[in-house]
Amino acid sequence: MELITRARAGDQDAFRELVQEHAHELQVHCYRILGSLQDAEDAVQETLVAAWRGLGDFAGRSSLRTWLYKIATNRCLSMLRADSRRPRIAPPLPALPEPFGAGDPPWLEPYPDVLLDQRPGPDARYETREAISLAFITALQLLPPRQRATLVLRDVLGYHAAEAAEMLDTTQESVQSALKRARATVDDHLAGDGRVGQPDTSAERRLIARLTDAFERADLDALIDLLAADVRLSMPPVMLEYRGTDSARRVLAAVTFRPGLTYRVLPTQANGHPAVALYLANHAYSLLVITTSNRQITTITCFTPNLLPHFGLPRTLLSIDGLPTT
């Protein structure tokens, strides 16, 4: 209570101490609802500003953490209603083959594992790794905003229906109705893309080592050998999706394995998945997030490299240890 009293009296250091332990988990929460790391960062900043200004209204009927989650959730809903996302500009690409269908939402971005801070409640329905997977985040983006927030509060964070209703300023009946509809949509999407289980980390490491080798040797055939027959490729913000190894070969040949291109590869982790950063002529080219099953690659989601600094990766390989690369 001393920190709250000091913060209410205008002590900014006391306020920072109050909220600092919650900042990362609030960012993960906003990311789930918004699907974008950059938008989540904005939402958290606005949440903390609102909390600072409204601290005098915090009556202590809930925990400070729950109060912050309420502010953050409603800030995200306001952002979705206002459609205030940054415009996502698709990079120039060569002519592409005919796609299988529409791809992932253009605002979808990966989330670095190094930033994850999760504290699911005892009633959480989804395992921690599944609740941050790209398949789950993508499924959430299919939901109307209120259903999206309801499912995250109830099934990811484990809040009771009464708590979620108070946070969303609605009734328990409305929460239960929204949750039922949201679960049906998300479970249907995850059934199609495969639910996330515990990975075989040694098999994943071997796959990523072989993928790295294929890229650095510019060996398209070796890469195709790693792919499941029904592999899925997508590349937000370009809203195109490709399925199967034949389509994968055509896309990779047109975009990535063009004659004369050579890559360096650095490993990382995103959304609980292995990922690799590709560097072309020592400059950041793209970030690939990989999912695997049965010792094969089942999805490759290709993102622009603008988020690499969040992963602790450089924009140019010349900055690694301060030494030029060869």
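For a Förster distance of 51 Å, can you work out the FRET efficiency between the beta-carbons of L280 and R65, rounded to the nearest 0.05?
Details: r = 44 Å, r/R0 = 0.85.
The calculated FRET efficiency here is 0.70.
Principal axis lengths of the range 201-322 from Cα atoms, whole Å, largest first?
Taking the Cα atoms of the range 201-322, the three principal extents are 42, 33, 28 Å.
Testing the spin-label approximation: label points 7 Å from Cα along Cα→Cβ at D219 and L318. State their distance in nm.
3.1
Output needed: percent of Cα pairs per 5 Å distance bin for the range 2-193, bins running from 0 to the one holding the longest distance.
Pairs per bin, as whole percents: 1, 7, 15, 19, 19, 15, 10, 6, 3, 2, 1, 1, 0.
For the range 8-87, what does the convex hull of the Cα positions come to per residue, in cubic angstrom?
Expressed per residue, the convex hull around the Cα atoms of the range 8-87 is 91 Å³.
Compute the helix-to-body angle for 172-193: its Cα long axis versus the longest principal axis of the chain, expressed 0 to 90° and rounded to tens.
Value to nearest ten degrees: 10.
Fewest Cβ neighbours within 10 Å first, please rank E163, E2, E127, E21 accordingly.
E2, E21, E127, E163
Which shape class applies to the chain: rounded if a/c is under 1.5, otherwise prolate when a/b exceeds b/c and oblate if not, where a ≥ b ≥ c are the square roots of the Cα gyration tensor eigenvalues? Write out the running numbers ahead of the final one.
On the way: a/c = 2.27, a/b = 1.65, b/c = 1.38.
Since a/c reaches 1.5 and a/b is larger than b/c, the shape of the chain is classed as prolate.
Pick out, from A59, T185, Q20, the residue whose Cα sits farthest towards the positive end of the charge dipole of the range 2-193, with +1 on the Cβ of Lys and Arg and -1 on the Cβ of Asp and Glu.
Farthest along the dipole direction, towards plus: A59.
Can you tell me the order of 275-287, 65-77 when each peptide is scored by its average per-residue count of other Cβ atoms within 10 angstrom, highest first? Could you put the intermediate results ahead of the total?
Numbers: 275-287: 19.4, 65-77: 21.3.
Going by the mean number of other Cβ atoms within 10 Å, highest first, we get 65-77, 275-287.
By average Cβ neighbour count within 10 Å, what is the ranking of 231-238, 184-191, 255-262 from highest down? List each step's numbers first, then the result.
Numbers: 231-238: 22.0, 184-191: 14.8, 255-262: 12.9.
Answer by packing, highest mean first, reads 231-238, 184-191, 255-262.
What is the gain in length, in nm to one decimal, between S78 and R210 on full extension, counting 0.36 nm per residue of separation less the C-alpha to C-alpha distance?
43.1 nm
For D187 and L142 in one chain, what is 0.36 nm times their gap in residues minus the Cα-Cα distance, to one decimal in nm?
This chain segment gains 15.0 nm when fully extended.
Nearest 10 degrees is fine. How inclined is helix 37-54 to the longest principal axis of the chain, computing both from alpha carbons?
10
Each value in this text was obtained by applying a stated rule to the coordinates, not by laboratory testing. Just so it is clear, the structure is predicted and the values come from calculations on it, not from any experiment. Glycine also receives a Cβ, built like all others from the backbone with ideal geometry; neighbour counts cover every protein chain displayed.
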